[in-house]
Amino acid sequence: VTAARALARSLNVATVRLEYLVGLPKIVEMARALGIEGKLREVASLALGTSEVSTLELTRAYAALANGGVLVKPNPVKAVLDRGGNLIWSPRRETRRAVRVETAYLATTLLEGPLIYGTAASVRSEFGFVRPAAGKTGTTDDENDAWFVGYTPDLCAGVWVGCDRNRRLGLTGTQAAVPIWARFMDAAHRDLPFRDFEAPP
């Protein structure tokens, strides 16, 4: 099986074999470069997402790929305006190169697979979101957590569905998170021009 098909279809055995070829230290190094700050256990299941990270961290990492490999520090405040609508304050945008632009583009190309023929194909077939997009579903073994993080050339969004008290949800990322993501992205892109991912020179 190819790496692309393994990623698109969530074929865990192939993913773990690839992890062994690459090496755990390099995987952790890449995760750190992409802004993952939480504790990452260097165990065989790391490549399957068994270390807990927040939806914000995960979405930030995917956003760096969408942004050509440039990591942007998230900020919850866009601006502060006075009563008349005049700008009083805006945060300084903090960025740094996380990965090479070519690496980000290749990762994006691989992450388009889940939406075209993999675990998130319902984004197109069922929900009608046909813009170029990339992303990945995720489900914990006990089905307590379901998520989907995906992006277009214009926007990255992450959806987590679960219970804060760690109860069984009984749904996969495909069933629970993908529909929310698809509906949100459809609404968010309504007035945006249609754009494709641009390959670097």
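General observations
- Qualifying residue in the range 13-21 (condition: within 18 Å of the chain's Cα centre (by Cα) and modelled with pLDDT under 95): yes
- For the range 77-105, a tally of residues being closer than 18 Å to Asn67 by Cα and either modelled with pLDDT under 95 or of a type outside the set (Gly, Ala, Ser) (or both) returns 12.
The values are calculated or read from the model by the stated rules, or taken from the named source; none is laboratory data. Here the structure is a predicted model, which means the values were calculated and not measured.
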